[in-house]
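Notes follow the structure.
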Amino acid sequence: MPCHVGADLTSDDAESPPSAARPVVAGISRAATGERLAGFIYGTLVVLAFVIAAARAYPDGSGHIAAFVALASVVLWLAHVYAHAVGHSVSRNEHLALAELRRIARHEASIVEAAVPAVAALLLGAFGVVSTEVAVWTALGLGLLVLAAQGITFARIEQLGWVGTLVVVAANVGLGGLLIALKLLLTH
């Protein structure tokens, strides 16, 4: 099966422990919160990679970088929706209903939503508010901030202590930092 952001796509998760149904955020189940969090973490890391790749290809074009990041995120989302739809159809031995396809698309939407901060920063460069270099570094910085926030969110949900929180935040930010280190190696 292709890369899977969320755990199981079924809404009536018979194999989940009772805590999976317990609300974590106003009306959203623990399982749904976990899947969205996973999608945002994955999406943010992929967006950082997209920014790095596009910045190398378009060093003076914030607008081009923003367009690349937005379009690549949508294409990745479509690939996830397609893969999960195929997997759903095969695993259930049934044709995929349009309603189920919509549910899968909504479920994977956090991949595209993760691109919003970076694209917004890059558009500042495209409109001349900041230079392309500042826009790219702002997009990367926002990505790291989002990864830190996602780590804190996970730690709060899991009720981790400060050491556990630091470890999770360090892991999230460390992965993003590795991508930024790659950018530095490629461009300097």
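To the nearest 0.05, how large is the calculated FRET efficiency for E133 and V86 if R₀ is 25 Å and r is the Cβ-Cβ distance? After rounding, the FRET efficiency stands at 0.05.
Using alpha-carbon positions, what is the distance between the centroids of the stretch 104-178 and the stretch 60-84, in Å? What the calculation gives is 16 Å, centre to centre.
All of the numbers you see were taken from the coordinates with simple rules; none came from a lab. Predicted, not measured: the structure shown is a model, and the values here were computed from it. Backbone-built Cβ (ideal geometry, glycine too); neighbour counts: all protein chains shown.
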